[in-house]
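The values are calculated or read from the model by the stated rules, or taken from the named source; none is laboratory data. None of the values given here were measured: they were computed from a predicted structure. The accessibility values were calculated without ligands, DNA or RNA, using every heavy atom of the protein model including side chains. Shrake-Rupley method; radii C 1.70, N 1.55, O 1.52, S 1.80 Å.
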Amino acid sequence: MTPRPEHLTVEVVELIGTVVARYHEEYEHAAAEHSLTGAQARVLGLLAREPMPMRRIARSLKCEPSNVTGIVDRLESRGLVERRPDPADRRVKLAAPTEAGLSTAAQLRDSLDFAREPLGELSVAERALLKELLQRMLGITPE
C-alpha cells in the first residue's frame with residue numbers, strides 16, 4: 001500500500017500549483033497584449049537570453065522540433081526573430097531575436113507583475129531562501 005502524503009506536503013503542492021496556474025494565466029494575458037500566443041512569447045523570452053538552434057528550444061520547452069519550427073516561422077514573419085548561421089557550426093541555424101523581438105520580450109517580462117508583487121512582500125533574505133529552496137527542489141546547483 002502506498003503511504004498517504006503528509007498533510008503539509010499536500011498543502012505545499014497545492015500552493016505551488018496555484019502559483020504556477022496564476023503565472024501561466026498572466027503570461028498568456030501578457031502575450032495576448034502583444035498578439036502572441038503563450039508558446040510564441042516563451043520562445044521569444046528564451047531567445048532574448050541567447051540565440052539557439054531549434055532542437056535546443058524544443059528541449060527547453062519539452063516539445064517537438066517541428067512545433068518550434070512553426071512558432072519561429074510565425075515570429076519571423078512578424079519581424080521578431082531571424083534565422084542565422086551558427087558561428088561555431090555553419091551547418092546549424094540559430095533562431096535569434098531582432099531588435100523588435102528584444103524590445104517585445106522586455107515589454108512582456110516587465111508586464112508580469114503577478115510574480116513581482118508578492119515577492120516584494122518578502123525580505124531580501126526570504127527571497128534568497130526561497131530561491132535556494134526552489135533550486136534544491138529542482139536539483140539546480142546554486143549560483
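A few comments on the model shown:
- Per residue, the average separation of C-alpha pairs within less than 8 Å and at least 6 apart gives the range 29-78 a relative contact order of 31 percent.
- Debye-sum result for the range 63-143 in log10 I(q)/I(0), which assumes one identical scatterer on each alpha carbon, at q = 0.11, 0.24 Å⁻¹: -0.55, -1.04
- For the pair R59 and L15, the difference between a 0.36 nm per residue extended length and the Cα-Cα distance amounts to 13.2 nm.
- Matching label, Cα Rg over 2.2 N^0.38 Å computed from the structure shown, candidates (i) 1.32; (ii) 1.26; (iii) 1.16: (ii)
- Relative contact order (%) - the chain, alpha-carbon pairs under 8 angstrom, separation at least six: 21
- Global geometry of the range 52-106, whether rounded, prolate or oblate, following the gyration tensor of its Cα atoms and the 1.5 cut on a/c: oblate
- With protein chains left intact and a 1.4 Å probe, residues in the chain average 71 Å² of accessible area per residue.
- Rounded percent of accessible protein surface that carbon and sulfur make up, the range 1-94, 1.4 Å probe: 55
- Additional length obtainable on full extension of the chain from R109 to E26, 0.36 nm per residue less Cα span: 28.8 nm
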